[in-house]
Amino acid sequence: MSPKKIAGIVLVAIALLALPLVLTQVGTAWVRIANLAILFVFLSLGLNIVVGMAGLLDLGYVAFYAVGAYTWALLASPHFNLHLSFWAILPLGALLACIAGAVLGAPTLRLRGDYLAIVTLGFGEIVRIFMNNLSAPFNITNGPKGITRIDGMQLGDLNFMQTDTLFGLAFTGPAKYYYVLLLLLMLVIIVNLRLQKSRIGRAWVAIREDEVAAKAAGINTRNIKLLAFAMGASFGGVAGGMFAAMQGFVSPESFILHESIMILAMVVLGGMGNVWGVIAGALLLSFVPELLRYTVQPAQMALFGRMLIEPEVLRMLIFGIALVLTMRFRPAGLWPESRHKREMNEAQEKAAA
Amino acid sequence: MSATATVLLEARGVGKRFGGVQALKDVSLTIRRQEIYGLIGPNGAGKTTFFNVLTGLYQRDGGDVLFDDQALDLETPYRVAAAGIARTFQNIRLFGNMTALENVMVGRHVRTKAGVFGAILRTPSQRAEEAAIKRRAEELLRYVGIAHRANDLARHLSYGDQRRLEIARALATEPKLLALDEPAAGMNATETAGLRQLIEGLRADGLTVLLIEHDVKLVMGLCDRVAVLDYGEKIAEDVPDVVQKDPKVIEAYLGGGVGE
């Protein structure tokens, strides 16, 4: 690695580590927003395996997020009076999501494109409706009221619900979650990058490119597709667990179709298949709505003296325009897979020669 | 030599029907080791259907195939590949957005075993395997003569190079039988000559080749034995000189009014 690159990495690392302390000065809400953004990066990276690498259009991805969240909620709350440790619940949430992924994958193996999208969409809704209705005859999920007073994270003596002071710096609860999420995110990025450049990752891409040729080239497409669903889902499970711990409350409302579409939009906008593009897409679509929330109202008040357009409405409008423009001008996403980039570099080299 | 030692593949009574069309009717043929075996016939005779049945892409209605003294599992394509049959496609099917090198690396899938955990943890065995996959893929690209295009996307390769790349990917699965579906289709004379050299080289290296081809000159010059299909039925199987003079074969080609 060049010294320049190392210096760059160190700078980014310092910036990421200092971020919650800076954001706390602006307002703790912004640290929470950053945490949610990291969760969405997480989810997008999981969905990227299924959609970006293996090319399986999954519109029900939020179901796995829900499985992870409810696993944490049920095993660490007064609802069943269970208070298991973080070390048990998070892996369990990932495992259950993984199984849910395989269960969804199995009947859809023969489906492609639109048909697969519709079945996965249905699966996402089924999971949400289950959560909504599993309150009778046995109250498992507490129905639409959701589960409240979920335990936060507790690592040894470190309680994530209170503020600690270290070296004269105050670390609030959300700030502490931020560091855990950042650490998990690093792991997920490494897993993603390594899978991409492996025998399995190549098999996924091969299936995306031409399933028949992949079969003839000796790939067990059934198992490799199931693996993509299961791997992608397990990321969703981890993100769900962290979501439940951070929010302290889960209800079926958090896992609607809209969320699946948002995550898919992040993957598509950023650049399907490219880890860094997906991260950029997720961060962009997480922060822009929040920025709107804080700027649109004052701006309109200042300009017109009253609210003309609600931030929520404006958000969908901007997303819609952004996606249309992306499809028109950068169909491979803002930051497409390196293969495409390599191609462009080659073209430039040839032009220079 | 005993019969089993010389015979690599024996198809017995293979049949395939699409609705009312009998695409393959009771096709039996025998391919010997290290031979270049041609499969010819007029358009729609069932040649490609036979390939698809043989490689597990279509489910057969009857018959079975003995390969390398073992019954071949024709239901699952990847098991066919694992048993040692690799193929190319009439209308080239590459992984367009992967590089030439990656395309060949995919072919190594069936002979390697690193899984998810190996990849995530980058275990020494996984890294060694990955390096070996890459090395072998590079060798194969050199072998088919397109090493200089290793890092180009498959879809940017010229038509002839794509054909070669498809062969390299098939070779990466370490086949005993290489099935080529019209490899010379759309090639010019120079490219065809190069292809012919490549196929002869493959046989010299111990491979058996099954060839579907329309270029009669190529088939007659290259193949040791030829089978002719017509309306899904095998009407002849012999050395090229004999097949060429077979009245049934002449009838099949000329009787249809195609005029080859």
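A dipole drawn for region B:102-260 from +1 and -1 charges on Cβ atoms has a positive end, and of B:ASN151, B:GLN244, B:VAL219 the residue lying farthest that way is B:ASN151.
In chain B, the longest principal axis of the Cα atoms and the axis of helix B:159-171 are about 80 degrees apart.
Amide H contacts for A:VAL250 (H built 1.01 Å from N in the peptide plane; partners 5 or more residues away or on another chain; cut-off under 5 Å): A:ILE147. Along the axis of the charge dipole computed for region A:120-279 (Cβ charges of +1 for Lys and Arg, -1 for Asp and Glu, origin at the Cα centre), the listed residues A:GLY248, A:LEU155, A:THR165 are led at the positive end by A:LEU155. In this structure, the amide hydrogen of A:ILE140, modeled 1.01 Å from its nitrogen in the peptide plane, lies closer than 5 angstrom to those of A:SER135, counting only residues at least 5 positions away or on a different chain. Chymotrypsin sites (Phe, Trp or Tyr not before Pro) within region A:40-127: which are DSSP loop residues with at most 15 other Cβ atoms inside 10 Å? Sparse-neighbourhood loop chymotrypsin sites (Phe, Trp or Tyr not before Pro): A:PHE80. For region A:206-213, putting each phi into the Karplus relation 6.51 cos²θ - 1.76 cosθ + 1.60 with θ = phi - 60° gives couplings of 4, 5, 4, 6, 6, 5, 5, 5 Hz, in residue order, rounded to whole numbers and with x for Gly and Pro.
Considering all alpha-carbon pairs of chain A, what whole percent are spaced by more than 30 angstrom? Let's see the in-between values first.
Values: 25738 of 62128 pairs.
Every Cα pair in chain A considered, those over 30 Å come to 41 percent.
On the beta carbon distance between A:ILE256 and A:ILE9, with R0 = 41 Å, the FRET formula returns roughly 0.60. Would you work out the Kirkwood radius for region A:243-329? I mean one over the mean of 1/r across all pairs of different Cα atoms, in Å. 14.7 Å is the Kirkwood radius here.
Semi-axes of the equivalent ellipsoid of chain B: what are they in whole Å, largest first, if each equals the square root of 5 times a C-alpha gyration tensor eigenvalue?
Working: eigenvalues 211, 91, 56 Å².
They are 33, 21, 17 Å, listed from largest to smallest.
Relative intensity of the protein assembly as shown on a log10 scale, I(q)/I(0) at q = 0.08, 0.11 Å⁻¹, equals -0.69, -1.07, per a Debye sum over C-alpha point scatterers of equal strength in the absence of solvent.
Can you give the mean number of other chain Cβ atoms that lie within 10 Å of the Cβ atoms in peptide B:115-122? Mind dumping the intermediate values first?
Numbers: counts 4, 10, 0, 4, 9, 9, 2, 4.
Mean shielding count: 5.
Measuring between their Cα centroids, region A:1-56 and region A:297-332 lie 24 Å from each other.
Could you give the dipole magnitude of chain A about its Cα centre, charging the beta-carbon of Lys and Arg +1 and that of Asp and Glu -1, in debye to the nearest 20? Display every interim value, and only then the final one.
Details: 26 positive and 18 negative charges, 144 e Å.
Here the size comes out at about 700 debye.
Helix content alone sets the calculated 222 nm mean residue ellipticity of chain B: runs of n ≥ 4 DSSP H residues at -39500 (n - 2.57) each, divided across all residues, give -11500 deg cm²/dmol.
With contacts defined as alpha carbon pairs under 8 Å and 6 or more residues apart, what's the relative contact order of chain A in percent? Relative CO of chain A lands at 29 percent. Projecting the Cα atoms of A:LEU36, A:LEU75, A:LEU264 onto the dipole axis of chain A, where Lys and Arg carry +1 and Asp and Glu carry -1 at the beta carbon, places A:LEU264 farthest toward the positive end.
Footprinting exposure proxy ranking of A:MET246, B:MET220, A:MET266, fewest other C-beta atoms within 10 angstrom first, gives B:MET220, A:MET246, A:MET266. A DSSP coil position with no more than 11 other Cβ atoms inside 10 Å describes the following trypsin sites (Lys or Arg not before Pro) in region B:62-163: B:LYS113. With neighbour counts taken as other beta-carbon atoms within 10 Å, the residues A:VAL288, A:VAL12, A:VAL62, B:VAL14 rank, fewest first, as A:VAL12, A:VAL288, B:VAL14, A:VAL62. About its Cα centre, the protein assembly as shown has a charge dipole of approximately 1240 debye under the convention of +1 per Lys or Arg Cβ and -1 per Asp or Glu Cβ, with nothing else charged. The string of couplings for region B:206-218 from the Karplus curve (6.51, -1.76, 1.60, θ = phi - 60°) is x, 8, 9, 10, 10, 10, 9, 7, 9, 6, 4, 4, 4 Hz, one whole number per residue in order, with x for Gly and Pro.
Here r is the Cβ-Cβ distance between A:TYR115 and A:LEU323 and R0 is 25 Å; the resulting FRET efficiency, rounded to 0.05, is 0.65. Distance from the Cα centre of region A:273-290 to that of region A:82-125, in angstrom? The two parts, judged by their Cα centres, are 23 Å apart. Summarising the amide proton neighbourhood of B:GLU233: residues at separation of 5 or more, or on other chains, whose placed amide H is nearer than 5 Å comprise B:LYS25.
For the segment B:189-201, counting C-beta atoms of other chains within 10 Å of every residue's C-beta and taking the mean gives 0. Qualifying trypsin sites (Lys or Arg not before Pro) in region A:45-138, where qualification requires a DSSP coil assignment and no more than 11 other C-beta atoms within 10 Å, comprise A:ARG110. Among the residues of B:102-109, the average count of other protein chain beta-carbon atoms within 10 Å of the residue beta-carbon is 6. For B:HIS156 and B:LEU254, the difference between the fully extended length at 0.36 nm per residue and the C-alpha to C-alpha distance is 31.4 nm.
Listed by Cβ neighbour count within 10 Å, with the fewest neighbours leading, A:SER251, B:SER158 appear as B:SER158, A:SER251. Each residue of region A:181-193 is assigned a 3J(HN,Hα), and the resulting list reads 4, 4, 4, 4, 5, 4, 4, 5, 5, 4, 4, 4, 5 Hz, derived from the Karplus form 6.51 cos²θ - 1.76 cosθ + 1.60 (θ = phi - 60°), x at Gly and Pro. The charge dipole of region B:1-121, taken about its Cα centre with unit charges on the Cβ of Lys, Arg, Asp and Glu (plus for the first two, minus for the last two), comes to roughly 220 debye.
Only the coordinates and a few stated rules stand behind these numbers; no lab work does. All values reported here derive from a predicted model rather than from experimental measurement. Cβ coordinates were reconstructed from backbone atoms using ideal geometry, including for glycine residues, and neighbour counts include every protein chain displayed.
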